[in-house]
1. Roughly how many nanometres apart are two label points built 7 Å out from the Cα toward the Cβ at Leu97 and Val46?
2. I'd like to compare 19-26, 68-75: which one has the highest average count of other Cβ atoms within 10 Å, and what's the full order after that?
3. Just want the answer: with Cβ charges of +1 for Lys and Arg and -1 for Asp and Glu, which residue in Leu40, Gly4, Asn118 is farthest toward the dipole's positive end in the stretch 2-142?
4. In the neighborhood of Tyr111, defined by Cβ-to-Cβ distances under 15 Å, what is the net charge if each Lys or Arg adds +1 and each Asp or Glu adds -1?
5. Peptides 7-15, 97-105: what's the order by average Cβ count within 10 Å, highest mean first?
Amino acid sequence: ASTGRLSWLARLYIYSLHGLAIEVCFCAVWYLIERFEVRLHGYSSVWSLPIYGLSLLCMEAQSDWLQSRQVPMPLRGLVYLAWTYAWEFACGSVLKLFGANSWDYTDYANYHIYGLVNFDYAPLWFTSGLLCERYLLVWARSLRWDSG
């Protein structure tokens, strides 16, 4: 018997692990393409867990609001893109204050802000925001605890 949907804390856990896994895989594929690094070693930081988890929880609320107002998909994608850049910049700025920032786009991005936000990734963030809305958020919110 189902006892109800997952709490926000359980969804935070799912979103955190999802973000970390995607980042590690992205880095591994990036180095395969850029350096032909066939070992597929990806990397991330433990700081990515709350960064991705909280971001995706916020995207739940954004998605609900945007879809309830029937905002067209391309505009929703732009909202998610703007949110991603604002969140990445804010989190990166705080981590940088403590010497804990694990990313710096200064040396390899064509367009960036203080090395914290990489505008070359805009198509990726636009697309991933819409994919998260369509699949990840829907799936995570449809999960139910099973009592038996």
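1. 2.1
2. Working: 19-26: 17.0, 68-75: 9.8.
Order by mean packing, descending: 19-26, 68-75.
3. Gly4
4. Net local charge, Tyr111 excluded: -4.
5. Listed from highest to lowest mean packing, they are 7-15, 97-105.
None of the figures in this text is laboratory data; all of them are computed from the coordinates on show. Because the structure is a prediction, the values reported are computed rather than measured. Methodologically, a virtual Cβ is constructed for each residue, glycine included, from the backbone with ideal geometry; neighbour enumeration extends over all protein chains shown.
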